Amino acid sequence: MYITLSDRGADDGATTGARTGRVSSTVIALGVVSLLTDISSEATAAVLPLYLTTALGLSIVAYGVIDGLYQGVSSAVRIAAGWAADRGDRPKPVALLGYGLSAIARVGLLFATGFGAITAVVVGDRIGKGIRTAPRDALIAASSDPAELGRSFGVHRMLDTVGAATGPVIAFVVLLLVPDGYRTVFVVSLAFAVLGVVVLGALVPDRRPRAEQATTGTPPSPFRWRLLAAPRLIRLLVAAGLLGLVTIGDGFLYLALHDRLGFAPMWFPLLFVGTNLAYLALAVPIGRLGDRIGGRRVFIGGQIALLCAYVLAALPVAGVGAVAASAGCLLLLGLFYASTDGILAALASAFVPLEARASGIAAAQTVVAATRFAAAAGFGLLWFAVGSSAALVVAASALAVVIPVAAILLRPRASEGGASAWT
Amino acid sequence: MDLTRRRLFVGISAVLLLGGAAAYGAVAFAASRSIPEGTASTPMTGIRPGTVLFRQTGGGALHGLVAAVDLDDPGGPREVSARPCDRLDANVDGIVCLHSDLGLTTTFETLVLDETLHPTSSRPLAGIPSRTRLSPDGELFATTSFVAGHAYAGTDFSTSTVIFRRDGTDSGELEDFTLIVDGAEVTAADVNVWGVTFADDRRFFATAASGEHRWLVAGDLDERTLRAVRDGVECPSLSPDGSRLAFKQNRGSADRPDWAIAVYEPADDRVTVLPEPASIDDQPEWLDDETLLYGRARDDSPGDTDVYAIRADGSAGPELFISHAWSPAVVRP
């Protein structure tokens, strides 16, 4: 890896197209922002259910329902934020608003005691997340050499995942030192969230992708919704949507591993840790692979990894074989994330004119979130009806059918720039 | 600002923010080892009849521990044990104690303690402690816990409710009992059961939920059935004379619950909502046949709670019963 924090001057990477061998310092800064914010949000999320029940004495059965409702709100906000970033040609203030809102929600957590207040705080955090994602990814794209989009997104997602893995550890270390120290967890979480906003505000340049392009010769054009109708973006959305509909959710995969291995529920978090470790180790190499062989191929390869994970989870093995299959399953799941999450954003950003970049990324992420949400609900019913192994076989079969369809949809067309990595 | 200055700004911010959080943590650490004012106490070594046992709250070194006050002087001196419980019920022979063991891999357990507060049995609890009740003769006890789904974000919850016998056998999940509403069996997959209260060692009441419904159900351990009595009842609690059920009733909406305390008299099918303006998320406890106890969270201080008493006939508002307390359990003389 060639990660460096050294300054590269005012025109920081971006649109010059020159291969530099370094990841833009803006991308690193955005990665650090995500790392700090994820420490904050995952530290809170890890203790919130315990806090609600043991400290506040609330029962939390209704919590799941609420979460489902606000998934929809989050999607709508995401699209609006993408549009606002493109429309104003300034992704940074929109991202700042999103990160800021989540930080303010952390303040609310220190004082909220009732169920309604806690719900409002959680919703504020989710809306902030909805707002910031697409403008931030647009900034990553704007700050990267177009030929090295994969590495840029890989570096960002690696840092992001380091934060997600660290947050719960920090939370529980605090709770071990200070019994019932939930407020201390929230104060620490707030400090990390505010620091994330400070890094974003101070170290990430306020780029204006459209105006910058104007100075290099191409005349600027304002944002129009029609720009999102680019055929290759539409095909990407359809492919991602179809794949999302046959993605069952990690929780079910973990439950299947749990059913087979029969470990104590207390070890459940280790499955997340395993997946996260694989993800953060693979994010950069897979991103670089995307730069070499093309993001589309990597994206499809990631789906094949997911298919293999389903098969490994459903295999009727026992003993050492079961342990090996389960470890392989976590590795493949990490590979799936490394090959799809950042890669999808990179593809979406490359598939639309830069005037519509944030909106294009938002559209792709919304399609994936909405279809996966629907898939999780549907798969839950299937799980109840036919049991875990049979349900996994059904999901694997459906995925095996959809992958070739998606591969055909994503095939590069000569009329659209041929087969270079990110076109 | 040039880049060097901006980096300096970020560096100073990092030191101030993380240093501030560390300082807050250090103060909280010190406070967690101190004894807060107004909770001076003597050590509790056993269960005495004529007392109320409860979970001590309000922070400090005694936070979360089982404590006791005399029934006739609840504001008076308290005894505090060394035993932490999130939720408890007690009689003269012992305590059922639901306990969370926080850590990187948080675990939950159900402890049965004898009259000298020593554990006689321990079994893992499926999730986060919520409710527990002993049967009148102490032969049975029930536990309810929240089973967090399978994500750090923990958004997918269900309840696990099981009835245990002292001999170690158990009923299995109550949601696997046959649920009968208006004569028809309910087979929905989303059934959850919580908040058991015992009539005797066979019959009990609880809440069964499916969709928007929150039924008061009459349970039978031998038949393994739950029969819906009425809708809109959560966390029932049977009076000592067996004539009335106190419960919490949602006067808000599904996503913004606001729980009132109410009393149901099956004999004349009448519900009395008690004049408690705050939202009460608790399974009430009967102090005697006329008075209820329940925990109420302090608005101004997250994590701190008090136990209030209120007349069960709705004739008077709540009165503070024990400060810095939660999960009261009356040990009758």
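Each value in this text was obtained by applying a stated rule to the coordinates, not by laboratory testing. Note that this is a predicted model, so its numbers are computed, not measured. Here Cβ is always computed from backbone atoms with ideal geometry, including for glycine, and neighbour counts include all displayed protein chains.
One table, with the values for the structure above:
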read-out: Per-pair calculated FRET efficiency, R0 = 60 Å: B:R165 and A:S415 via Cβ, rounded to 0.05; value: 0.20
read-out: Other-chain or far-sequence residues with amide H under 5 Å of B:T57's (modelled H); value: B:G64, B:A325, B:W326
read-out: Chain B: most fluctuating residue of B:D231, B:D288, B:D299 per GNM, C-alpha cutoff 10 Å; value: B:D299
read-out: FRET efficiency, 1/(1 + (r/R0)^6) with R0 51 Å, evaluated for A:R226 and B:D2 via beta carbons; value: 0.80
read-out: Relative contact order, percent, chain A [alpha-carbon distance under 8 Å, six or more residues apart]; value: 24 percent
read-out: Compactness of the protein assembly as shown as Cα Rg over 2.2 N^0.38 Å, two decimals; value: 1.04
read-out: Cα-centre dipole for the protein assembly as shown with unit charges at Cβ (Lys and Arg positive, Asp and Glu negative), debye to 20; value: 4660 debye
read-out: Span from the the stretch A:106-126 Cα centroid across to the the stretch A:263-342 one, whole angstrom; value: 34 Å
read-out: Most positive-pole-ward Cα, B:G172, B:P136, B:S100, against dipole of the stretch B:82-331 from beta carbon charges; value: B:S100
read-out: Charged-residue dipole, Cβ positions (Lys, Arg, Asp, Glu), the stretch A:180-339 about Cα centre, Debye nearest 20; value: 800 debye
read-out: Dipole magnitude of the stretch A:225-416, debye to nearest 20 (Cβ charges: Lys/Arg +1, Asp/Glu -1, about Cα centre); value: 560 debye
read-out: Orphan Cys of chain B, criterion: no other Cys C-beta under 4.7 Å; value: B:C235
read-out: 10 Å Cβ shell holding at most 13 others, DSSP loop, trypsin sites (Lys or Arg not before Pro): longest site-free stretch of chain B; value: B:34-201
read-out: Calculated P(r) of the stretch A:225-416 - Cα pairs past 19 Å, %; value: 60 percent
read-out: J(HN,Hα) series, the stretch B:315-323, from Karplus relation 6.51 cos²θ - 1.76 cosθ + 1.60, nearest Hz, glycine and proline x; value: 7, 8, x, x, 10, 4, 10, 9, 7
read-out: Around A:L190: net Lys/Arg minus Asp/Glu count, Cβ-Cβ under 11 Å; value: +2
read-out: Unit charges at the beta carbon, dipole of chain B: most positive-side option, B:A297, B:P240, B:T116; value: B:A297
read-out: Along principal axes, Cα extents of the stretch B:194-287, largest first, whole Å; value: 38, 32, 23
read-out: Proximal charge balance of B:W326 [Cβ under 10 Å; K/R count +1, D/E count -1]; value: -1
read-out: Separation of alpha-carbon centers, the stretch B:277-328 and the stretch A:156-231, rounded to whole Å; value: 44 Å
read-out: Estimated FRET transfer efficiency (B:S301, B:A26; beta-carbon r; R0 22 Å; 0.05); value: 0.60
read-out: Using alpha carbons only: equivalent-ellipsoid semi-axes of the stretch B:82-331, gyration tensor based, whole Å; value: 24, 23, 20
read-out: Among A:G31, A:L48, A:Y182 - extreme Cα towards positive end, dipole of the stretch A:19-208, charges at beta-carbon; value: A:G31
read-out: Over chain A, equivalent-ellipsoid semi-axes from the Cα gyration tensor in Å; value: 33, 28, 20
read-out: Exposed trypsin sites (Lys or Arg not before Pro) absent: longest stretch of chain A, with sites in DSSP loops and at most 16 other Cβ within 10 Å deemed exposed; value: A:20-223
read-out: Rel. contact order, % - alpha carbon contacts under 8 angstrom, at least six apart, the stretch A:225-416; value: 40 percent
read-out: In nm, spacing of pseudo-spin labels at B:S122 and B:T45 (7 Å Cα→C-beta vector); value: 2.4 nm
